[in-house]
Structures are given as C-alpha cells and as structure tokens.
2 protein chains.
Amino acid sequence: MKTITSIESNENFSNNVQAWQLKNMIGETVTIHGNVYKIRKMHGFAFVLLRSGGEILQCVYEETRTDFPLEKLTEECCIKAAVFVKEEPRSRRGFDLQLLHVQILSLPARHSPVVINQKTVNASLETLLNYRPITLRNQREAAIFKIQEALADGIRRFLKEQHFTEIHTPKIVSEGAEGGTNIFHLKYFEQDAFLAQSPQFYKQMMVGVFERVFEIGPVFRAEKHDTSRHLNEYTSVDFEMGFIEDFQELMAMETGMLRSAMASVKEQCPEEAALLGVRIPEITEIPCLRFQEAKELLQKEGCSQNNPMDLDPEEEKKLCRLIREKTGSEFVFVTHYPSAKRPFYAMNDPQNPEETLSFDLLFRGMEVTTGGQRIHSYETQVEKMRQKGLNPEDFSSYLMIHQCGMPPHGGLGLGLERLTSRLLEQDNVRRACLFPRDIHRLTP
Amino acid sequence: MKTITSIESNENFSNNVQAWQLKNMIGETVTIHGNVYKIRKMHGFAFVLLRSGGEILQCVYEETRTDFPLEKLTEECCIKAAVFVKEEPRSRRGFDLQLLHVQILSLPARHSPVVINQKTVNASLETLLNYRPITLRNQREAAIFKIQEALADGIRRFLKEQHFTEIHTPKIVSEGAEGGTNIFHLKYFEQDAFLAQSPQFYKQMMVGVFERVFEIGPVFRAEKHDTSRHLNEYTSVDFEMGFIEDFQELMAMETGMLRSAMASVKEQCPEEAALLGVRIPEITEIPCLRFQEAKELLQKEGCSQNNPMDLDPEEEKKLCRLIREKTGSEFVFVTHYPSAKRPFYAMNDPQNPEETLSFDLLFRGMEVTTGGQRIHSYETQVEKMRQKGLNPEDFSSYLMIHQCGMPPHGGLGLGLERLTSRLLEQDNVRRACLFPRDIHRLTP
C-alpha cells in the first residue's frame with residue numbers, strides 16, 4: 001500500500017522553490033513558478049514579472065541566455081521556469097532572477113477584460129467589482145486583503161493572549177438579535193428561519209461557559225441602504241466578556257485589541273502598507289466623550305440636529321475632525337447612547353435609565369464598533385423586553401442563561417471591512433471586501 | 001475629556017486576579033471571581049468549586065475563617081471573593097484557595113433545568129441540546145470546545161507557516177458549488193439567492209491572486225438526512241493551492257496540517273484531553289489506496305456492493321478497521337473516486353476519465369475530508385459542465401478565472417465538527433457542535 005508523508009518531510013513535491021525561499025538561494029539555479037503579470041521589453045532584454053506565492057518576482061529575460069522565445073509568453077499564462085538567483089545589491093530583494101528555461105503550464109483563453117497590471121486598476125468601482133476574480137490579481141487590490149488578514153491576525157493574537165476562547169456559532173437562527181426589519185428570511189425545511197445579524201445571543205451564552213469568547217465570522221444585514229458605508233454581508237469581529245467591573249473595561253480591551261491589530265499590519269505587511277501609502281495610527285489612548293456631550297459639541301459647531309437619538313454620517317465625520325484637532329487622535333469613543341436607540345439587551349445606566357452603558361468607536365469619520373454592557377438579571381431583561389414590545393417567550397433559550405446565573409458582562413462587534421477601509425482611507429467600504437454583497441450585487 | 005487606555009496598562013480594572021494568574025500569587029490575598037459550580041460539604045468545612053476564566057477553581061470554605069454564611073451561596077450564583085492563595089503541594093495546581101470574604105454579584109432566578117455539575121451531564125442527547133446554553137457549563141462539555149479550538153489553531157498556524165492567506169468569502173451566493181438539491185434558498189431583496197455549500201468557487205478565484213488560500217467558516221447543506229453524521233450547518237476548513245505538481249501534494253499538505261492540529265491539542269489542552277480520555281493519534285504518514293482497490297478489498301471481506309460509485313457509512317467503518325489492522329493507522333486516504341460522483345470542477349484522471357484526481361480522508365470510521373485537483377483549462381471546464389447538464393452561462397463569473405489564466409491547482413474541505421467528533425470518538429457529530437442545526441433543530 002502506498003503512503004502519504006507530511007509535506008514538510010516530503011521530497012516528491014519540493015522541486016519548485018517558493019517565492020519566499022529565494023532569498024536563501026542566492027548563487028543557485030532553481031525552478032520557480034507563477035502567472036506572468038507583466039512583460040516589459042527593454043533594449044536587448046526584457047523584464048518578466050511573475051506573480052508567485054502572492055508576491056511579484058522580477059525575472060530578467062535575455063535572448064542569449066534564455067532558452068525560450070519571448071513571444072510565446074503572454075500575460076497571465078502560467079509557467080515553470082529555471083532561474084539563476086544572482087546577487088544584486090541594487091535590487092530591493094538583494095537578487096535578480098535570470099531566466100534560463102521556461103515551461104508553459106497553461107495559457108489564458110482570452111485577454112483580461114480589464115487591464116490589471118498597471119499601478120492601479122483604472123476602472124469604475126462597478127467594473128472593478130464585476131470583474132473581481134480578475135481585478136484582485138492587481139498588486140494594489142491584493143495588498144488590501146493582506147492588510148485585512150494582518151488586522152484579523154493581530155486581533156486574534158491579542159484576544160488569545162487575553163484568554164478569550166474562539167467559538168463558532170450558528171448563522172441560521174430562529175430569532176434576530178438586533179431587531180428591526182433588516183433581517184434575511186429563509187425557509188429551513190418546514191420552519192421559518194433567519195440569517196444571524198450578529199452572534200449576540202450565542203456569545204452571551206458562551207460567557208456563562210468560558211467567561212471570555214470571540215468569533216470572527218460572517219453576519220447578515222438586509223439593510224436597503226445603498227451607501228458607501230454599508231455591506232449586506234460582512235465579517236464581524238465579536239467579543240464578549242464576563243465579570244466586568246465597568247463597561248469601560250470593554251473599551252480598554254478594544255484599545256488593546258486595536259493596538260495589536262495595527263502592530264500586526266506594521267510587522268506582517270510593511271511592503272503592502274508602503275504600496276498603499278497606509279498611515280498606520282499609533283494608539284496609546286483613545287479619547288472618550290458622552291453622546292450628549294458629543295451632540296452639544298456638534299451643535300456649537302453649527303450641525304443641525306436632525307436626529308437627537310443618534311449620530312448621522314455627517315456628524316460622525318465632523319466629530320472625528322473636531323477630536324483629531326483637539327487631541328490628535330483619529331479614534332474616539334462615544335458613550336451612553338440613548339436607551340431608545342439601543343437593543344433590548346443593552347443595560348441602562350442606573351443613574352439615568354434614558355441612557356445605556358454602551359459605546360460606539362469612531363475611526364477616521366465612521367463608526368466601526370458598537371458595544372456595551374448587557375443585562376444579566378433575568379427580571380430586568382424580561383421587563384426591558386416587554387417595554388420594547390417583545391414577547392419573552394420568543395427568547396426562551398436565550399433567557400435560560402439569565403435564569404440560571406450570569407455575571408455582569410458585555411462585549412462589542414467590530415466590522416472588519418470598515419476597519420480595513422478606514423485604515424486605508426477608501427471612499428467605499430466595498431473596496432475592503434473581496435466579494436461584496438449589496439442591495440443590487442449578488443455576484444461574483 | 002476622558003481617555004481610555006489599553007487594558008494591558010490599565011490600573012482601573014486590575015482588582016480581580018484572573019484564574020490563570022493565580023499560580024504566580026502564592027502567599028498573597030487576592031480577589032477572584034466566578035460562577036459557583038458546586039458546593040461539596042465536608043465535616044467542619046466545604047469545598048466551593050468556582051468556574052472562573054473557563055477553569056474550575058477549588059476554594060476552601062471554613063466557618064472560622066470565611067466571613068460569609070455558606071447557606072447564602074447557591075449553585076451558579078456569581079461571586080467575587082477575597083482568597084488567600086496557600087501553597088499546597090498535594091493539590092494539582094500547587095495551591096489551595098482559602099475563602100476569606102464573599103460578595104454576591106448575581107443570583108440565579110431558578111435552579112438549572114438539568115444537573116450540570118456532575119462528571120457528565122446525565123441526559124439524553126435531545127435534552128443535552130435543548131438546554132445547551134446551560135449544559136455547556138459542564139466541565140466535560142466545555143472541554144470538547146477547547147479541544148476544537150486547539151484543532152483549529154493548529155490548522156491555522158500550519159497553513160500560515162505554509163504561506164496560505166486567510167480569506168473571507170460570501171455565504172450568500174447566486175449559484176451553488178456542489179450541485180444537487182441540498183441547498184438552502186433565500187430571497188435576497190428582488191433576487192433569488194442561496195446559502196453557500198462551500199467556498200469552492202471563491203477559493204479557486206483566490207488561487208489566481210494569492211496562490212495559496214484558506215478559510216475557516218460556516219457552510220450550509222440542506223440535506224434531509226437525519227443521521228449521527230450530518231449537520232445542516234457546519235464549520236468547514238477549506239484550503240486551495242496553485243501550481244501543484246500532482247494531487248498527492250494536497251494530501252501531503254493535509255497530512256502536515258493534521259499533524260499540527262494534533263500537536264496543538266497536546267500542547268494547549270492536556271487537561272481537557274485527559275478529562276475526556278482522548279487518544280491523540282500520532283501522524284507520521286497516512287496509507288493511501290485507490291477507490292477501486294478499496295471496493296475490492298471490501299468485497300473480499302464480504303461487504304455487499306450496494307453503491308458501486310461511493311463508499312457507504314458501513315464500508316467506511318469496515319475499511320478503517322481493515323487499514324488499522326494492516327498498518328496501525330487510524331487515517332486512510334481513498335483516491336480516484338468515480339467521475340460520475342464528483343462535482344463538475346473535479347479533474348478527470350488523464351489515464352482514465354472515468355476516475356477523478358480526487359480523494360477522501362477517512363478517520364476512525366468516517367469521511368472527514370473531500371479534496372482533489374480542479375480543472376484549470378477553460379475549454380475542459382466548459383466541456384465538463386455541458387457533460388454534467390450544466391449551462392456554462394450560469395457560471396460566467398467563475399469561468400472568468402479559467403479564461404484569464406489559472407495554474408494547476410486543487411484543495412480540500414475538512415469538517416471541523418467531524419474531525420473533533422472522531423478525535424473524541426463520539427457517537428454523534430452534534431456533540432462536537434456548540435449549537436447544532438439539523439432537519440428538526442433550529443434552537444437554541
């Protein structure tokens with residue numbers, strides 16, 4: 001019987017050198033592979049840029065040396081190539097790759113519908129997204145998602161260090177957590193079901209088990225807004241923690257989490273950050289003001305008060321600008337949102353039941369997080385449900401935890417795409433989502 | 001204006017010592033917190049077990065020393081307690097916690113509907129799952145999900161080391177990847193949509209960008225099977241890699257990934273593994289046989305051949321037993337499944353188009369992975385779609401990648417709950433899912 005041995009100790013598949021191994025191969029002739037990203041013809045030679053292992057490798061084609069006609073290479077064809085790794089101190093990587101032999105593995109059936117190998121993809125957002133499977137091959141487009149990965153890595157590493165347990169909770173649910181009409185319905189065999197707007201109930205349940213939990217996963221909002229800020233499906237970073245002394249502990253935890261996320265971008269993605277010109281914020285502390293204070297500040301600055309219960313997008317922008325001018329911080333916490341605008345599980349401020357022990361975090365002009373302390377007493381929770389016109393019987397499995405003993409607890413939800421998008425100062429959050437879903441877009 | 005500083009440097013919230021910090025606090029009086037898990041009355045004193053930070057802490061209550069009446073403590077009440085951390089070499093942790101003061105933070109409104117603080121929850125699977133928010137508080141139930149977390153951590157760590165990029169792909173899609181009728185429908189505003197059966201199309205698209213990608217996220221299968229092996233929503237570990245030399249490279253990668261997953265359980269969860277009596281397999285190499293060989297072997301052993309195109313659950317069990325007897329391995333790869341039973345994107349074996357360059361991995365009697373090489377040529381893919389009765393126009397955004405140049409590539413999907421369940425030798429995969437979804441169950 002044949003056996004398969006683990007890749008690390010496997011001689012069978014190690015013919016090809018991976019892009020990240022090349023720096024240790026100077027002076028050697030090795031086989032590499034990649035998609036031809038770009039061919040740049042010069043006098044007497046050519047640069048052949050290969051997309052390999054998510055990097056761009058520059059190879060040098062010389063007729064006298066390369067045993068293959070240049071005309072046979074087309075953009076986006078896939079090749080294997082024998083190259084000599086020549087030391088070259090002037091090159092960014094410290095070496096040049098001299099093409100010796102080329103073997104074509106596959107040829108594209110057509111040209112790319114959009115030019116993808118210039119500095120930026122010169123197309124409307126609509127076109128960029130319509131051809132997403134191809135336009136993501138552009139170096140800048142791909143860099144966005146390496147940075148997003150680094151943000152999520154930094155978040156996960158921090159939360160694990162803080163003894164949070166990572167969980168996976170169901171997305172098909174029998175009740176929405178956030179209320180309202182922005183929920184997707186589906187037929188689940190003979191039952192009516194919904195897509196989870198957040199893992200809220202489940203992460204609270206798990207506080208009773210592990211005390212501190214988090215999840216990084218999809219959530220679904222059937223919002224009909226067609227704006228540059230909204231996605232109908234997005235990746236939510238949710239954490240929830242028990243035995244808090246005060247809801248400000250949640251904000252301190254988030255501050256640490258964001259420090260770690262930004263450090264991770266610096267560490268893992270220096271090239272991508274440079275390519276995109278990312279300004280990575282230094283987070284030492286984050287200013288914090290009450291919702292009512294924020295409203296008064298905005299009124300003084302001449303903002304019309306259309307919505308006394310919330311901050312509208314223009315107010316968020318203006319508030320961020322004011323805070324940056326005053327403190328230098330590009331983040332600001334706004335606390336004590338009105339009870340009327342927060343969900344039924346939000347804990348009211350005992351000193352003023354019109355306000356909740358809750359917060360939003362704004363970053364560069366936009367809300368990226370909503371969080372707060374939750375009600376842990378059964379009686380209080382049932383009463384608040386009734387006040388909000390909800391029937392506690394519809395939430396019987398959720399209320400089990402309140403009945404059977406819950407500590408003071410709270411948590412937050414952070415939109416990964418929004419965080420990425422604000423970090424990169426994009427004009428539209430769709431640019432920070434691989435395959436965005438909006439009211440009109442269900443493909444690719 | 002107030003400011004929030006990061007939790008690590010924050011003095012405001014550091015009154016409570018976390019469970020994992022106690023080992024460094026011997027000889028000190030500190031404040032801890034937790035849910036009262038169990039009260040064990042002895043002669044003249046009592047043990048009060050606290051669930052704190054996901055661990056069970058044993059505290060000693062003595063009337064002469066503890067400034068609080070024992071009768072006021074009830075199971076699952078939440079407390080803060082001042083304790084003296086006394087060195088005790090006979091204790092597993094090296095210390096005892098002597099209760100000094102107790103402060104009750106919250107009292108449960110009712111007793112647990114199921115006894116949760118015995119060694120095991122003595123209830124039917126139905127009851128266990130109906131009261132999941134509470135029954136997960138049992139130490140053994142919780143341990144299952146620490147082990148699951150460790151498996152996912154080991155997988156993620158390995159894939160990152162192998163330069164895979166972690167991605168997040170949409171779960172609301174316009175086309176199913178796996179075909180068949182087991183797909184959930186939903187109304188997406190004015191369009192018809194589906195829940196993704198797998199991230200198949202998207203991870204293939206991303207091979208064109210990052211070469212190696214993975215995702216750990218939910219997938220949805222509307223299978224009407226009500227068996228101990230099926231979940232209608234589960235967590236799928238998917239990877240996909242480009243420029244493979246041979247589909248066996250995928251199996252070698254999976255072998256390494258599983259080694260890392262098992263090492264992670266050993267390293268992160270020694271106590272949980274001991275509590276559950278987990279037999280952690282040593283993976284050095286995995287035997288591998290062709291589907292037809294497997295069928296012949298099973299026929300020789302007297303299995304009736306009901307389904308010539310697939311292995312049924314009884315055959316999977318029997319095959320695993322035979323392989324274990326022959327080789328000692330509890331894993332076995334079965335390769336070259338019939339083309340008729342594999343999806344349209346599976347690459348046929350050029351030596352025999354009736355078979356595909358594909359594999360399943362069986363572990364302790366059950367399939368836990370399906371994988372294989374995919375078609376990368378546009379013409380071949382369109383032709384196979386037509387053979388399978390599919391209209392290529394329905395897959396136009398997927399086919400963009402084949403048109404615009406794709407390398408030889410392949411990947412796999414691994415069910416995280418199945419992997420956990422087989423590792424723990426459970427009788428039902430639902431036990432390895434926090435909040436399972438099956439044909440009847442949509443709550444909790």
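Which one of these does residue B:265 not meet: (1) touching a residue at least 60 places away in the same chain (Cβ under 8 Å); (2) of a type outside the set (Gly, Ala, Ser); (3) over 18 Å from residue B:425 (Cβ atoms)? That leaves (3) as the condition not met.
Among the residues of the stretch A:382-399, those identified as within 10 Å of chain B (Cβ to nearest Cβ) and either of a type in the set (Val, Ile, Thr) or in contact with a Phe, Trp or Tyr (Cβ under 7 Å, 6 or more places away or on another chain) (or both) are A:382, A:398, A:399.
Does residue A:65 meet the test of being among the basic types (Lys, Arg), in a loop (DSSP other than H, G, I, E, B), farther than 25 Å from residue A:133 by Cβ and within 32 Å of the chain's Cα centre (by Cα)? So residue A:65 does not fit the description; no.
Select from the stretch A:170-182 the residues that are more than 7 Å from every other protein chain (Cβ to nearest Cβ) and under 16 Å from residue A:394 (Cα atoms) and list them in ascending order.
Of the stretch A:170-182, the ones more than 7 Å from every other protein chain (Cβ to nearest Cβ) are A:173, A:175-182.
A:173, A:175, A:176, A:177, A:178, A:179, A:180, listed by residue number.
As a summary of the residue check, residue B:5 satisfies the conditions (1) closer than 27 Å to residue B:120 by Cβ; (2) at the interface with another protein chain (Cβ under 10 Å from one of its Cβ atoms) except for the one numbered (1). Residue B:340 meets the conditions (1) assigned to a helix (DSSP H, G or I); (2) small (Gly, Ala, Ser); (3) crowded, with 18+ Cβ neighbours inside 10 Å in every case but one. The failed one is (3). Candidates are the residues of the stretch A:399-441 that are buried (at least 22 other Cβ atoms within 10 Å of the Cβ) and β-branched (Val, Ile, Thr); the one that is farthest from residue B:170 (Cα to Cα) is A:401. Looking only at the stretch A:214-249, residues that are over 25 Å from residue B:434 (Cα atoms) and not hydroxyl-bearing (Ser, Thr, Tyr) come to 14 in all.
Checking the structure you have, find out if any residue of the stretch A:80-94 is crowded, with 17+ Cβ neighbours inside 10 Å and under 29 Å from residue B:168 (Cβ atoms). Looking for residues that are crowded, with 17+ Cβ neighbours inside 10 Å and under 29 Å from residue B:168 (Cβ atoms), one finds none in the stretch A:80-94, hence no. The residues of the stretch B:183-202 that are within 7 Å of chain A (Cβ to nearest Cβ) and part of a loop (DSSP other than H, G, I, E, B), listed by number, are B:184, B:189.
From the list A:135, A:120, pick out the single residue that is within 34 Å of the chain's Cα centre (by Cα), β-branched (Val, Ile, Thr), at pLDDT 95 or above and surrounded by fewer than 18 Cβ atoms within 10 Å (Cβ to Cβ).
Matching residue, one of A:135, A:120: A:120.
Residue A:52 passes every criterion in (1) surrounded by 14 or more Cβ atoms within 10 Å (Cβ to Cβ); (2) farther than 19 Å from residue A:18 by Cβ; (3) of a type in the set (Ser, Thr, Tyr); (4) modelled with pLDDT of 95 or more apart from (2).
Within the stretch B:19-29, restricting attention to residues that are more than 8 Å from every other protein chain (Cβ to nearest Cβ) and surrounded by fewer than 17 Cβ atoms within 10 Å (Cβ to Cβ), the residue that is nearest to residue B:102 (Cα to Cα) is B:29. Considering B:321, B:279, B:290, B:259, the condition of being among the basic types (Lys, Arg) and within 20 Å of residue B:338 (Cα to Cα) is satisfied by B:290 alone. Here is the figure for the stretch A:112-161: residues that are more than 18 Å from residue A:50 (Cβ to Cβ) and not aliphatic (A, V, I, L, M) total 21. Exactly one residue out of B:355, B:383 is of a type outside the set (A, V, I, L, M) and part of a strand (DSSP E or B): that is B:355.
The values are calculated or read from the model by the stated rules, or taken from the named source; none is laboratory data. What you see is a predicted model; the values in this text were computed from it and never measured. Please note: Cβ atoms are built from the backbone with ideal geometry, for glycine as well, and neighbour counts cover all protein chains shown.
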